[in-house]
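The values are calculated or read from the model by the stated rules, or taken from the named source; none is laboratory data. Just so you know, these numbers come straight off a predicted model, no measurement behind them. A quick note on method: Cβ atoms are made from the backbone with ideal geometry, for glycine too, and the neighbour counts reach across all protein chains shown. The protein model used for the area step is the full one, side chains on, heavy atoms only, and it has no ligands, DNA or RNA in it. Shrake-Rupley method; radii C 1.70, N 1.55, O 1.52, S 1.80 Å.
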Amino acid sequence: MARSIYITSIEGHAGKSTIALGVLDTLSHEIERVGVFRPVARSSAERDYVLELLLGHDGVDLDYDECVGVSYEDVHEDPDAALSRIVERYKAVESRCGAVVIVGSDYTDVGSPTELSYNARIAANLGAPVLLVLGGQSDEHGDRSADELRQVFGLAVQELDAAHAQLVGVVANRVQPNRLGEIVAELTTASAHNGAEGSIPVWAIPEDPFLIAPSVESLMEAVHGTLIKGDSELLQRESLGIVMAGMSMENVLTRLIEGGIVVVAGDRSDVLLALLMAHASETFPSLAGIIMNGGFDLLPQIELLIEGLDTALPIIRTELGTYDTARIITKTRGRLAADSPRKFDTALALFEQHVDGRLLLDRLEVSRSDVVTPLMFEYDLLDRARSNQRHIVLPEGTDDRILRAASTLLRRSVARLTILGDAGDIRLRAAELGLDIAAADILSPLDPVLRERFAKEYAELRAHKGMTVEQARDIVTDVSYFGTMMVHLGLADGMVSGAAHTTAHTIRPGFEIIKTQPGVSVVSSVFLMCLEDRVLVYGDCAINPDPDAEQLADIAISSAGTAAQFTIEQRIAMLSYSTGISGTGVDVDKVRTATELVRARRPDLLVEGPIQYDAAVDASVARSKMPESVVAGRATVFIFPDLNTGNNTYKAVQRSAGAVAIGPVLQGLRKPINDLSRGATVQDIVNTVAITAIQALSGGSGA
């Protein structure tokens, strides 16, 4: 039977979706297959965005329709029949999952004072303990005091007790930051006075205005507007406030706010142009967008001016007048949705920082699965990096993917970051994308002090090649060289680059400046191959075209060291087209020699070779070909004889088996430098930064 948890509240707008996402993410790190279920959907006319948000999580593999119980109409028509249908639908999901996150109804139905009572009945009938969410904000009265929350808690407990629903924990959400401790103390006392069995854990999460901020797109839809200028991708940016520009240009400028939407009459071209210039200026806040009301068309000469400004800021036109525009947009509420990565990261970060996930799992009696899914492995990377933050330099500050990854890394406290590039340009672009990178250092590779320092150091390192300080001054302004010099001189712990540069451009400075670890003759790479139930190490699949026996042995030893860094067992298979003594030839002899070199240099390592891939992974094949081997059939580290074989194999496994390939992870350097694919996704970059930080913790890029 699946472990389940029922997340509910006593009212709407308490932020259950934030809590549900956090609980789902926490369970996904421990359990192979997690499901979600919505007993009562928000609407039968349109898809439930909360359910879509949860289904968008990487740890869930279910279809929308199978995760919905009933509609509000079904509950009104026959509550008991609806409850039976809910139980039936839930059991189908439960049978396929190791755990299920159940999200109660949203109080979107008018006139339903017994809604919590019905949620409690559902929870009891599903056998799911309740995580109660209390809203720290009241729609009528604003911030709630600790005493007010205690009263709300008391009412909720009465309803839960009446339905025989088990309370497993309490989260006070959207609380003023300065009241967290007070509210936790008050609710902890209240839970004891209400006769709860044992100690009910209580947590409080602070209000974050960003989570309830509407996107520019949602405001555009609310006023039935049309995008007439600007980048449509920036419609996803959240609006952090509204400025009504019903005054002169100079007075409007003094009222601008960071991330604000400005509403301006469509015939006020002077104000429009002033807003665009202010947005582009470093001395004024970055705007989220402009809404021009009244339905006026832009004059041709104004359009020409705007085109010359080359602005990406969304400009929206609506037919509505000023009053109706203001009334509608001030009532438009933001929501936590799958298409807002920053909100997604913010919600997870708030949950991680303020809710003890381990204690919650203990309350649910959840233990770690023996299986290691890609999501579990990725979480472990972030968690290990977060536990002892390292300083990573990202040279490609002009790439939007780097900025998006930086926002995620900083929000999740994975690493300290320095981004290379022009500070004004980078911060403006991040603001346009709705990203928060305020905690990152932004450094120009033309910084005169560091440029001179790096030039002198580089000239000294390369003096044997005839390098002069004058030549070095130009070389070190290249972002890859500048970032590598930062790592070399201890100004950063590691570097991640390659999203916009070739592998050679990224790693050549490392060869020249960082150099290899003692006893390592060659820099190599591995991919961490995350299969459905385990993680394997493949090397070398990216750097060395045709390593000789000595180099192949080095690659194997370095790969074992990398495996150890990421808590992967080290059972090394030296791959070839034949197994054991059955084959002869130059290629197989190279692998045989390399295997003996590994055994001589590292007798502590378990290594087998030459061995074919099937004998390395399949226990039945291993029994027939190498029955006495402790590696055959159980290999975890696979060393390919050449780049052609390795690169093709990792891509074949990635595409055919649906494996997540993390890498290439460079190994053998004294300090970690890692290369990204030019097709890298934001998640690839996040993972690679976490890997680099872990390597830095271990003192190098592979043993």
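All of Ser559, Ser624, Ser620 fail the test of being closer than 23 Å to Arg670 by Cα and either at pLDDT 90 or above or not in a loop (DSSP other than H, G, I, E, B) (or both), apart from Ser559. The residue of segment 40-81 that is nearest to Thr18 (Cα to Cα), among those that are small (Gly, Ala, Ser) and free of Cβ contacts under 8 Å to residues at least 24 places away in the same chain, is Ala45. Looking across segment 570-597, just one residue is open to solvent by 10 Å² or more (accessible area, probe 1.4 Å), of a type in the set (Ser, Thr, Tyr) and not in a loop (DSSP other than H, G, I, E, B), and that is Thr593.
One line per residue, one yes/no per condition, for (1) of a type in the set (A, V, I, L, M, F, W, C); (2) surrounded by fewer than 24 Cβ atoms within 10 Å (Cβ to Cβ); (3) more than 27 Å from Arg416 (Cβ to Cβ):
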| site | (1), (2), (3) |
| --- | --- |
| Pro448 | no, yes, no |
| Arg451 | no, yes, no |
| Ala455 | yes, yes, no |
| Leu491 | yes, yes, no |
| His505 | no, yes, no |
| Pro518 | no, yes, yes |
| Arg534 | no, yes, yes |
| Asp546 | no, yes, yes |
| Ala560 | yes, no, yes |
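For segment 297-334, a residue qualifies if it is hydrophobic (A, V, I, L, M, F, W, C) and either open to solvent by 60 Å² or more (accessible area, probe 1.4 Å) or at pLDDT 90 or above (or both), and the qualifying residues are Leu299, Leu304, Leu305, Leu309, Leu313, Ile315, Ile316, Leu320, Ile328. Which ones in segment 521-532 are part of a loop (DSSP other than H, G, I, E, B) and either crowded, with 23+ Cβ neighbours inside 10 Å or among the aromatic types (Phe, Trp, Tyr) (or both)? Hit for segment 521-532 is Val523, nothing else. Quickly run through segment 617-641 and pick out the residues that are free of Cβ contacts under 8 Å to residues at least 12 places away in the same chain and touching a Leu at 6+ places or on another chain (Cβ under 7 Å). Across segment 617-641, there are no qualifying residues. Just one of the listed residues (Leu21, Leu53) is at pLDDT below 90 and out of contact with any Cys (no Cβ under 8 Å at 6 or more places or on another chain), and it is Leu53.
The conditions of being closer than 21 Å to Gln565 by Cβ and buried (at least 24 other Cβ atoms within 10 Å of the Cβ) are met by Ala385. Of the candidates Ile31, Ile102, the single residue that is under 15 Å from Ala128 (Cα atoms) and either in contact with a helix residue (DSSP H, G or I) (Cβ under 9 Å, 6 or more places away or on another chain) or crowded, with 19+ Cβ neighbours inside 10 Å (or both) is Ile102.
Selection over segment 260-277 of residues that are out of contact with any Gly (no Cβ under 7 Å at 6 or more places or on another chain) and in contact (Cβ under 8 Å) with a residue 40 or more places away in the chain gives a count of 2. Within segment 642-678, the set of residues being surrounded by fewer than 23 Cβ atoms within 10 Å (Cβ to Cβ) and either within 30 Å of Leu489 (Cα to Cα) or in contact with a helix residue (DSSP H, G or I) (Cβ under 6 Å, 6 or more places away or on another chain) (or both) comprises Ala659, Val660, Ala661, Arg670, Ser677, Arg678.
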